[in-house]
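See below for the structure under consideration.
The values are calculated or read from the model by the stated rules, or taken from the named source; none is laboratory data. Here the structure is a predicted model, which means the values were calculated and not measured. No Cβ is skipped: glycine too gets one built from the backbone with ideal geometry, and neighbour counts run over all protein chains shown.
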Amino acid sequence: MTREVKDIHDDTITSVNFCPTDRNKVLTASSDGTMKILDLRMYKVVKTLEDCSVMARNSFGSSRATFSLGSQLAVVLTSSGEVAAFDIDKETFVGCVGAHENASFSSKK
């Protein structure tokens, strides 16, 4: 049986990745500037990850999003080459690692 989940994002979905610790959850990224976590048992979005300060200077474009090894974070490569991290449980932006030689971590407090 195949089911379709509609209206997840407002623009093109650029990445789909299964959660390594819960195969019923899928992380999607979109050029609309959001990442969403879907629960396949319910066929609905259970978390939306976005941050206006990150979205103002970046888009997720055709980037791939993935879960961290322990599934606490969702990370995505932005259009400017930064790696942005989001806390999944709190649905908040954690910080970015820059895309230059002397990369540094900047954290939102």
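Screening Ala56 with (1) at pLDDT below 85; (2) surrounded by fewer than 11 Cβ atoms within 10 Å (Cβ to Cβ); (3) assigned to a loop (DSSP other than H, G, I, E, B) gives one miss only, at (3).
If only residues of segment 8-33 that are hydroxyl-bearing (Ser, Thr, Tyr) and surrounded by fewer than 17 Cβ atoms within 10 Å (Cβ to Cβ) are counted, the one that is farthest from Val76 (Cα to Cα) is Thr21. Within segment 75-90, track down each residue that is modelled with pLDDT of 85 or more, under 19 Å from Val16 (Cβ atoms) and in a loop (DSSP other than H, G, I, E, B). Ile88, the sole residue that qualifies.
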